[in-house]
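The values are calculated or read from the model by the stated rules, or taken from the named source; none is laboratory data. Remember, predicted model here, so these are calculated numbers, not experimental data. With ideal geometry, Cβ positions are generated from the backbone for all residues, glycine too; neighbour counts draw on all protein chains shown. Only protein heavy atoms, including side chains, enter the accessible area calculation; ligands, DNA and RNA are left aside. Shrake-Rupley method; radii C 1.70, N 1.55, O 1.52, S 1.80 Å.
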Amino acid sequence: MIELKGIKKSFGTLQVLKDIDLNIEKGEVVSIVGPSGAGKTTLLQIMGTLDKADSGSVIIKGTDVSKLAEKELSAFRNKQIGFVFQFHQLLPEFTAMENIMIPALIAGESASIAKKKALDILDMLGLKDRASHKPAELSGGEKQRVAVGRALINNPSVILADEPSGSLDTVNKQELHQLFFNLRNKLNQTFVIVTHDENLAKLTDRIIHLLDGRISGELS
Ligand SMILES: Nc1ncnc2c1ncn2[C@@H]1O[C@H](COP(=O)(O)OP(=O)(O)OP(=O)(O)O)[C@@H](O)[C@H]1O
Ligand SMILES: [Mg+2]
């Protein structure tokens with residue numbers, strides 16, 4: 001479903017990704033691990049069309065994203081890719097429900113449909129009674145779950161998560177990790193997760209080891 005072929009990326013003279021090939025199937029939960037500076041975030045940003053490779057191709061659900069013009073690419077990204085970052089990046093002046101609604105509104109959904117979808121998602125995440133809370137009124141774990149809800153609303157092909165539990169305590173970490181697998185089981189949702197958390201990596205279907213810009217090993 002996601003095909004990366006011959007991905008190379010440099011920043012100035014620093015070659016960060018050196019010929020990466022990677023295929024991810026629908027419904028897989030894949031983790032990417034490796035030391036700091038190995039190129040994990042760079043790879044995820046390229047997979048998520050937020051950054052461009054110098055060479056190689058990124059094919060998502062049959063679409064070669066390098067062939068899309070800027071406007072088509074943002075529409076494609078909005079529809080097909082959900083993002084979860086280490087720090088929730090929710091908009092502080094909007095409620096949990098509104099934060100989840102935003103990608104649906106951007107996709108052209110009516111406010112009433114977006115609201116209904118957001119409330120269904122909040123319910124599924126066990127956050128129904130937090131719908132009208134703003135981020136400052138949510139716990140760290142709740143904020144990350146809202147961020148997952150925002151990633152889910154357009155029913156994306158894949159959710160890309162960069163250190164999603166990096167700022168959470170043990171209990172909230174485990175809860176968030178469990179949520180990923182629940183969503184996979186329930187919705188067949190695909191996840192690619194960059195993590196330093198060994199416990200999370202061990203739970204995933206496949207662990208991709210990135211070292212010095214190359215895939216140094218794969219464990220399933
Ligand atoms: N925009 C940029 N300009 C210049 N260098 C960059 C840029 N983004 C990343 N780099 C460099 O590329 C290398 C890989 O960075 P990347 O963020 O992908 O690493 P990472 O594996 O995600 O590390 P971490 O585990 O610390 O998040 C690093 O040496 C980094 O300094
Ligand atoms: Mg990183």
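Could you please let me know if residue 80 is at pLDDT below 95 and either under 19 Å from residue 193 (Cα atoms) or in contact with an Asp or Glu (Cβ under 7 Å, 6 or more places away or on another chain) (or both)? When the stated conditions are applied, residue 80 does not pass them. Those helices (runs of 4 or more DSSP H) of region 65-133 in which 3 or more residues are free of Cβ contacts under 8 Å to residues at least 24 places away in the same chain and surrounded by 13 or more Cβ atoms within 10 Å (Cβ to Cβ) occupy 111-124. Residue 101 meets the conditions (1) more than 16 Å from ligand 1 (Cβ to nearest atom); (2) in contact with a His (Cβ under 9 Å, 6 or more places away or on another chain) in every case but one. The failed one is (2). In the set 163, 198, only one residue is away from ligand 2 (no atom under 16 Å from the Cβ) and out of contact with any Cys (no Cβ under 6 Å at 6 or more places or on another chain); that residue is 198. In region 157-194, of all residues being in contact with a His (Cβ under 9 Å, 6 or more places away or on another chain) and hydroxyl-bearing (Ser, Thr, Tyr), the one that is surrounded by the most Cβ atoms within 10 Å (Cβ to Cβ) corresponds to 165. Of 93, 25, 70, all but one fail to be of a type outside the set (A, V, I, L, M), more than 27 Å from residue 143 (Cβ to Cβ) and at pLDDT 95 or above; the exception is 25. Scanning region 1-41 for residues that are within 12 Å of ligand 1 (Cβ to nearest atom) and in contact with a Lys or Arg (Cβ under 6 Å, 6 or more places away or on another chain) yields 16, 17, 18, 32, 34.
Checking the structure you have, find out if any residue of region 141-152 is in contact (Cβ under 8 Å) with a residue 40 or more places away in the chain, in contact with a Pro (Cβ under 9 Å, 6 or more places away or on another chain), away from ligand 1 (no atom under 16 Å from the Cβ) and in a strand (DSSP E or B). Looking through region 141-152, none of the residues is in contact (Cβ under 8 Å) with a residue 40 or more places away in the chain, in contact with a Pro (Cβ under 9 Å, 6 or more places away or on another chain), away from ligand 1 (no atom under 16 Å from the Cβ) and in a strand (DSSP E or B). Only one of these conditions is not met by residue 200: (1) open to solvent by 10 Å² or more (accessible area, probe 1.4 Å); (2) farther than 18 Å from residue 48 by Cβ; (3) in contact (Cβ under 8 Å) with a residue 60 or more places away in the chain. Which number is it? The single condition residue 200 does not satisfy is (1).
Residue by residue through region 60-89, note down the ones that are touching a Leu at 6+ places or on another chain (Cβ under 8 Å) and under 27 Å from residue 120 (Cα atoms).
Correct list: 76, 77, 81, 82, 83, 84.
Within region 7-32, being within 15 Å of residue 64 (Cβ to Cβ) and surrounded by 13 or more Cβ atoms within 10 Å (Cβ to Cβ) holds for one residue alone: 7.
Set side by side, the residues 182, 188, 172 differ, and just one is without any contact (Cβ under 8 Å) to a residue 24 or more places away in the chain and farther than 30 Å from residue 16 by Cα, which is 182. Restricting the search to strands (runs of 3 or more DSSP E) fully inside region 2-64 and requiring at least 1 residues that are within 16 Å of ligand 2 (Cβ to nearest atom) and closer than 25 Å to residue 181 by Cα gives 29-33. Are any residues in region 33-62 open to solvent by 30 Å² or more (accessible area, probe 1.4 Å) and within 17 Å of residue 201 (Cα to Cα), and if so, which ones? Result: 35, 36, 41.
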